[in-house]
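Since the structure comes first, as structure tokens, the remarks are kept for the end.
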Amino acid sequence: VGTGEDSMGLDVRPGYNTAVPAQITTPDRVATSIGELRFVDGVPTPETATRAFDHLDLVRGVEAFLGCIPAASLEAIRRGMAEVAGAECHQGAITDRLLDSDPLFLTGNTDTVYAIVVLDVERDGPTVIEVPPGCGPGTVDDAWFRFV
């Protein structure tokens, strides 16, 4: 039985290599929004790997920025409450009318009256929030605007 060499220089016996269907192989070149990516036997070239990782760094940086917008918005609200109203943690503010375009709320609705209280559960520990009957519906969000 004859032998051959694979791309890594190893002896390969004929008949022991399963053919890979062409439709699932990696093409040698792929045109993308970040330029042409090149592959050798399905493995990215060093230039392609660098380009792909640079793009991943950019995308992850954008994702981190976008993901932090809610927390930055809430921090601005907290600072504004402290500067304008002197409100500390556990003190609140309530909008006395429906919102218009003046307040700089990230997701403020024009059909909602807001009561905002910033809690510091790290400093104060577990905290009970009581909402009088008939005052709801209400939501409690964390600093990332996720429901608690």
Q) Within segment 46-81, restricting attention to residues that are in contact with a Lys or Arg (Cβ under 9 Å, 6 or more places away or on another chain) and at pLDDT 95 or above, which residue is surrounded by the fewest Cβ atoms within 10 Å (Cβ to Cβ)? A) Glu47
Q. Mind checking which residues of segment 115-148 are exposed (fewer than 11 other Cβ atoms within 10 Å of the Cβ) and among the hydroxyl-bearing types (Ser, Thr, Tyr)?
A. Thr139
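Considering every residue within segment 87-95, establish whether at least one is in contact (Cβ under 8 Å) with a residue 12 or more places away in the chain and of a type in the set (Val, Ile, Thr).
Going residue by residue through segment 87-95, those that are in contact (Cβ under 8 Å) with a residue 12 or more places away in the chain are 87, 89-95.
Retained after the next criterion (residues that are of a type in the set (Val, Ile, Thr)): 94-95.
Taking every residue of segment 87-95 in turn, at least one turns out to be in contact (Cβ under 8 Å) with a residue 12 or more places away in the chain and of a type in the set (Val, Ile, Thr).
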Q) For segment 82-105, what are the residues that are within 20 Å of Thr127 (Cα to Cα) and surrounded by 12 or more Cβ atoms within 10 Å (Cβ to Cβ)? A) Ala87, Cys89, His90, Gln91, Gly92, Ala93
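Let's see how each residue does on (1) within 30 Å of Thr32 (Cα to Cα); (2) among the basic types (Lys, Arg); (3) free of Cβ contacts under 8 Å to residues at least 12 places away in the same chain:
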position	(1), (2), (3)
Pro46	yes, no, yes
His55	yes, no, no
Arg60	yes, yes, yes
Phe65	yes, no, yes
Ile69	yes, no, no
Ala72	no, no, yes
Ile77	no, no, no
Gly80	no, no, yes
Glu83	no, no, yes
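The values are calculated or read from the model by the stated rules, or taken from the named source; none is laboratory data. Since the structure is predicted, the reported quantities are computational estimates derived from the model, not experimental observations. For neighbour counting, all protein chains shown are included, and Cβ atoms are generated from backbone atoms with ideal geometry for every residue, glycine included.
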